[in-house]
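In what follows, a single structure is set out as structure tokens and then discussed.
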Amino acid sequence: IPKVNESLDYIRGLSMADTNVGIASSARNIFITKDGWRTYETHSNLNIEIPEGYSYFYGNNFSNNVHALDENNFISNITIAKQITHSEYIITTGTVKTTDGGKNWNLTLISENKAQNEKTEYIISFFFHDFNNGWGVGFRSNDLDSSGAEYKSLIFKTTDGGLTWQNNFEVTSGKPEAIFLQISFRDYKRGVVVGKYGG
């Protein structure tokens, strides 16, 4: 089992393509196995271009943020952040995908902000019907509605295996932080989304 050294850097996401092939993530690392976690590779530097002064991390505190399609294709959400003050950050969100088992990674930006407290969109959980067609659920922060709820729940769709995403549906969360957490489909038409507080 992958070991992490920092007290807050726990395993946050796990997805298995089959009994042998899988991906897991902590805030600082992505782990990929091809033999059911008897051995694994650790990926901390994905060689993606980010602005100077920023750092990136994976996962979140909410839901399953990685997905394994097969032994070569893996996807993870990503947050790119720059700390402005003790409690303020400029945040860019996106997904990273590899099609060669983790040797190279492609970055897709979901939401790019230039200032603190701008609206920010996150994908925090994935479901794929096949290699190309999939869904992501998440939320938009700093988007106040008339009830005072700060978040909107979002459903994203991809038709190219997670290389690009389109916002397909959004709804007011109803209460603070009542965001979508997981999505699953029985077939191409029938699916279910669940969220915090029984949503």
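Listed values, structure above:
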quantity: Residues satisfying the stated conditions in region 82-122, i.e. hydrophobic (A, V, I, L, M, F, W, C), outside any loop (DSSP other than H, G, I, E, B) and open to solvent by 10 Å² or more (accessible area, probe 1.4 Å); calculated: 90, 91, 107, 109, 110
quantity: Selection from region 12-49 of residues that are of a type outside the set (Lys, Arg), open to solvent by 50 Å² or more (accessible area, probe 1.4 Å) and either outside any loop (DSSP other than H, G, I, E, B) or modelled with pLDDT under 90 (or both); calculated: 14, 16, 41, 42, 44, 45, 47, 49
quantity: Selection count, region 178-198, where residues are out of contact with any strand residue (DSSP E or B) (no Cβ under 7 Å at 6 or more places or on another chain) and open to solvent by less than 80 Å² (accessible area, probe 1.4 Å); calculated: 2
quantity: Count - residues of region 127-172 that are modelled with pLDDT under 85 and either assigned to a loop (DSSP other than H, G, I, E, B) or over 21 Å from residue 194 (Cα atoms) (or both); calculated: 10
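The values are calculated or read from the model by the stated rules, or taken from the named source; none is laboratory data. The structure presented is a predicted model; accordingly, all values stated were derived computationally and were not measured. Ideal geometry is used to build each Cβ from the backbone, glycine not excepted, and the neighbour counts take in all protein chains shown. SASA here: full protein model, heavy atoms, side chains in, ligands and nucleic acids out. Shrake-Rupley method; radii C 1.70, N 1.55, O 1.52, S 1.80 Å.
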